[in-house]
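Derivation of every value follows stated rules applied to the coordinates shown; laboratory data play no part. Since we're looking at a predicted model, the values are computed, not measured. Please note: Cβ atoms are built from the backbone with ideal geometry, for glycine as well, and neighbour counts cover all protein chains shown.
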């Protein structure tokens, strides 16, 4: 069974038909095309490079790649793409991260003290904008106690900040993260605390094993279900979307 | 002798070579093409419709006319054209008006009380934007005591507002009007008061006759000269630019 | 993206009594007159306009007695003169006006489109546009504030406007609502972005694959458009760049009628209310008249006619 | 408009020691590497960058020891990983960093371009981007304020940035500086609008009449451009949409060298500093390599090669 395939399936499931989805390179791009090929044929994909609704003949390895531009219905600049977020026209965005805390806040800037970091990371890019302004966002992050941390070294991208009311005080219009998709299962957020809690587990994963890979205490779950493994049709689609397994390996 | 030709000449003279000039329909368009054909070959014309630097084969009768779009080096929308003003990239703009006061403030909105006007006029359009943000502006207005008034019925477009310092307090970046070109001569503004004063008279016009056509007391002039009538070459150019005499009649 | 093609009647139903509208085009170009002709024939009451330069829309709605108020920056007929029914509506108090500069109107629409409580800008300050309200309180519309960064700069800020419906006429769109248009695009992008519902009427509906050939030319992306109506000559008697010139004779005929309220009312009944549908409206104009307006594809306009 | 064509050397002279720069392009596209290769060969000190996504410019300036600080939103190598010399410069304190989101950087450039003391926006609030300064005081960069219209909305405002020089690589321009470029245009318009001096390097200089054929495609108008340099393959080893793909092998070769400071320094000396001029730089790459990068005019990219 492939964890990558389960993650791609879980990510695809977050996309509703008719959504406008802000997509980056990698697993989210595979997930978006999986959604489009299955339950969400009318999803519109937007990329921060300014490419809208492309029809690429093969999987692109970057949002700036020319093969991604092929067949777009609109190509503008980065400001135009990000302005769609500010206009409230983007339903869902996907984010990756180096660190994530219990509120879904992300760090992609620095490990260590910001001014003299141990490891300088690339910085926000469009992530802060997506997480601030898309109606909802989804984080994709493999578990690990150095990734899922109690305290971020730097808060690059807002999740629920310090909890209820904090996003509004900070002027952020979007609802923030609704799911965190890991290699062990899918997490959500308790409505009362806006802290993370388990929702769905991958086959063979226990709640205890999941908690083990998380560096903070998860909120008590409401209900936890187990996700069914991908069927042959889904696997075939994933193979067609990402033939080389660049982002989604079909074998662990 | 043609007053129109003198006005067009005087307006053309306000354009410096290399200027970016924001131009409307009518006499300013003729003046701009006269300047381009004589001392300012490198002037760039910008129109509020979003047309930049066109090469029309014949005189357009409107900034939205398709014959004006011919040969443009750039065509965008109105926001893009007006944003050039806000970026400080426009050197000079031309304005017409129904009323003008001693500070060069203009009314193109209403005659009578604003909420229940005797005559409702078209409104600002781009005029306020040009007068607020171009480096300098030039007003073209035939004399008359109902046009040159002590008190406007409505202040649509800023001249020097209430005098020194007022534009800065109102957040306006441009220097405001530098000349008012009338059918009797050219007016400027006293540096101390920023009120209007005579600068140059058309042939045969006296200072007294000019003041007679103005409904407020002009500031004392520094020096008043008389403008030489257009030579045959200028008249021939005007005839070529506006063959039908639509905006510039060559006979009074 | 779903198929957004609807009939003209279905699109008209998106505009209820009391709606706040904005319409594309400026001068004698790109105004969605076919749509508004039909709306006038159907009849609506208490409409408002958040307009920039859609002078013909404003004027005909005023002439039909359907316009109650207007936020706007400039309505006039380039080459003719004032919009008489609109202007007299303000003069006699039947239409309420709120004045702006063009950039001021655009910035209010941009603020509305981008969910911003205000936009900063460098014009309008110090004038009656900022100081004297029409039907708004001036302090709800424009303020001049000190920069919050304490640098001493004074800057005008203006509040957002969100129209209920934007109506745009364009050259072509696909069924999803990807819209392309040649020539100067006026304020179409900002109007469509700001409105809650966007209706686009087009000369031609093309396959999405045709749009994909020139993605840089897409003015409105499908994700900002709600309804697409196939309405050839839908801007007539105003023009469409690359298709046809404005019909200056027809416009002039209206302008002459508009100088008298009674004559104008007759004109509206006869020309706007009488046609049974869009085709009857075009048929009344006649083939010879409409075809004569076609622009030269090289010049982009209709050159002067060769004398017979 | 005057003729703005200058030689590469003349354009380089517009960038003094201590200059603040911004450069076009993003990911592996449209970055003005030919210009910066030559600038590195000439040598400059204490440069700053106001950047958005010009990762290769940032990295090579860092690798050459010429970069002192950067306002920016994201520098990384799509498909490879971190910009090592740039990142290690921050880690070891030789480069000072001020972080933003992409939209935050763009809004600061827009404010700078439009003479506004600030721009309002809806992202960045509540995060360390807003709360923790790099080399700026946070309150000079971003504040969250209440709307001046008293509607209770909280909104982020950000202060302007004005680079001394913008360097852009594009497909073509005329001698006056009207610039056209296919594909996604990244942040080129905002960068050029904000900078005091704008240098454009192009694949091809065309007649102004050629620009006039497609005025809608003009990305930068001549009135925003100060210098035009004819510099074919001036983005190489990054790509130019419609001309050539990025040279992933060459970029990868650099990326491998960059993982070690010493190896990287050798690489910079050999590849960037040694060539006598732009042609020597391209000749070192060789004709076969450069021609193999050409994109298919129908697809817009270079399809996978057919195995021999």
Fewest to most neighbouring Cβ within 10 Å: what's the order for D:61, C:251?
-> C:251, D:61
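Tell me the mean residue ellipticity at 222 nm calculated for chain D from its helices only (DSSP H runs of n ≥ 4, each -39500 (n - 2.57), averaged over every residue, nearest 500). Please report the intermediate quantities before stating the final value.
Details: 13 runs with 95 residues, N = 308.
The helix contribution divided over chain D gives -8000 deg cm²/dmol.
Antiparallel DSSP bridges in chain C: what percent, to the nearest 5?
On the way: 17 of 44 bridges.
Rounded to the nearest five, the antiparallel share is 40 percent.
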Over the stretch B:3-241, what is the mean sequence separation of C-alpha contacts under 8 Å (at least six apart), divided by residue count, expressed as relative contact order in percent?
-> 18 percent
For the protein assembly as shown, Rg(Cα) over 2.2 N^0.38 Å is 0.95
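At a 10 Å Cβ-Cβ cut-off, how would you order A:44, A:182, fewest neighbours first? Write out the running numbers ahead of the final one.
On the way: A:44 23, A:182 28.
Taking fewest neighbouring Cβ atoms as first place, the list is A:44, A:182.
Run the numbers on the stretch B:81-121 and let me know its relative contact order in percent, using alpha-carbon pairs under 8 Å that are six or more apart. Each step should come with its number before you reach the end.
Working: 27 pairs, mean separation 8.7, N = 41.
Across the stretch B:81-121, relative contact order equals 21 percent.
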Using a label point 7 angstrom from Cα along Cα-to-C-beta, what distances in nm, from shortest up, separate residue B:144 from the other copies?
-> 7.9
With only helices counted (DSSP H, runs n ≥ 4, each -39500 (n - 2.57)), the per-residue ellipticity at 222 nm for chain A, to the nearest 500, works out to -6500 deg cm²/dmol
When a footprinting reagent is the concern and you count Cβ atoms within 10 Å, what order do C:105, D:66, B:196 take, fewest first?
-> D:66, B:196, C:105
Rounded to the nearest 5, what % of the DSSP beta bridges within the stretch A:3-241 are antiparallel ones?
-> 50 percent
Centroid-to-centroid separation of the stretch B:1-66 and the stretch D:1-72 [C-alpha atoms, Å] | 38 Å
Nm distances between the label at residue D:259 and the same-position labels in the remaining copies, 7 Å along Cα→Cβ, shortest first?
-> 8.4
Say a label goes 7 Å from Cα toward Cβ at residue B:204 in every copy; what distances in nm does this one have to the rest, shortest first?
-> 10.4
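Among rounded, prolate and oblate, which fits the stretch B:3-241 when a ≥ b ≥ c are the square roots of the eigenvalues of its C-alpha gyration tensor, a/c under 1.5 means rounded, and a/b larger than b/c means prolate? Can you show the working numbers first?
Working: a/c = 1.62, a/b = 1.17, b/c = 1.38.
Oblate, because a/c is 1.5 or more while a/b does not exceed b/c.
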Taking the Cα-to-Cβ direction at residue D:304 and at residue C:13 and moving 7 Å from each Cα, how far apart do the two end points lie in nm?
-> 5.0 nm
Using only C-alpha atoms and all pairs of different ones, pull out the Kirkwood radius for the stretch C:57-198 in Å with one decimal.
-> 16.8 Å
Report the antiparallel proportion of the DSSP beta bridges in the protein assembly as shown as a percent, rounded to a multiple of 5.
-> 45 percent
Indicate the gyration tensor shape class of the stretch B:36-129 (rounded, prolate or oblate), computed on the Cα atoms with a ≥ b ≥ c the square roots of the eigenvalues: a/c under 1.5 is rounded; otherwise a/b larger than b/c is prolate and the rest oblate.
-> prolate
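Got the relative contact order for the stretch C:117-158 handy, in percent, Cα pairs under 8 Å and 6 or more residues apart? Before the final figure, lay out the partial values.
Numbers: 51 pairs, mean separation 19.6, N = 42.
For the stretch C:117-158, the relative contact order is 47 percent.
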